[in-house]
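**Q** Here it is, the structure, as structure tokens.
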Amino acid sequence: MLDNFESQSCVSSVRESELLVASHIIPWADRADCGLDLANGLWLTVLYDSLFDRGYIAFGNHLRVIIPPGSGYGQQ
């Protein structure tokens, strides 16, 4: 999967492997058949992975970061 994103986070230029995690777009729990599909993965920093897993951010076309309505992120 690193080759898919030129060995860096898909939303930042971070390349340090100890800061990167493989994140599943469709969780294994939802569809185990997608679990090993390289097209179902994103290389994210730990922070972005945590925000993505908790629903605070999503990704649009060309990996554009989206803050979903009702996520609570960025609201006062």
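The values are calculated or read from the model by the stated rules, or taken from the named source; none is laboratory data. Everything quoted here is computed from the prediction, not taken from an experiment. Each accessible area value is taken on the protein alone, full model and side chains, heavy atoms only, with ligands, DNA and RNA left out. Shrake-Rupley method; radii C 1.70, N 1.55, O 1.52, S 1.80 Å.
**Q** Which whole-Hz couplings ³J(HN,Hα) result when phi for each residue of segment 49-55 is put into the Karplus expression 6.51 cos²θ - 1.76 cosθ + 1.60, θ = phi - 60°, listed in order with x for Gly and Pro?
**A** Whole-Hz 3J(HN,Hα) from phi for segment 49-55: 4, 5, 5, 5, 4, 8, x.
**Q** Let me ask something else about it. Which cross-chain or sequence-distant (5 or more) residues have an amide H under 5 Å from the amide H of Ile57, H modelled 1.01 Å from N in plane?
**A** Distant-sequence amide H within range of Ile57: Phe52.
**Q** A further question on this structure: Working out 0.36 nm times the residue gap between Ser50 and Arg31, then minus their Cα-Cα distance, what length gain in nm do you get to one decimal?
**A** Roughly 4.8 nm would be gained on extension.
**Q** Could you sort Leu63, Leu51, Leu44 by their accessible area in this structure, using a 1.4 Å probe and putting the largest first? If you can, show how the numbers build up before the last one.
**A** On the way: Leu63 55, Leu51 30, Leu44 0 Å².
Correct descending sequence by accessible area is Leu63, Leu51, Leu44.
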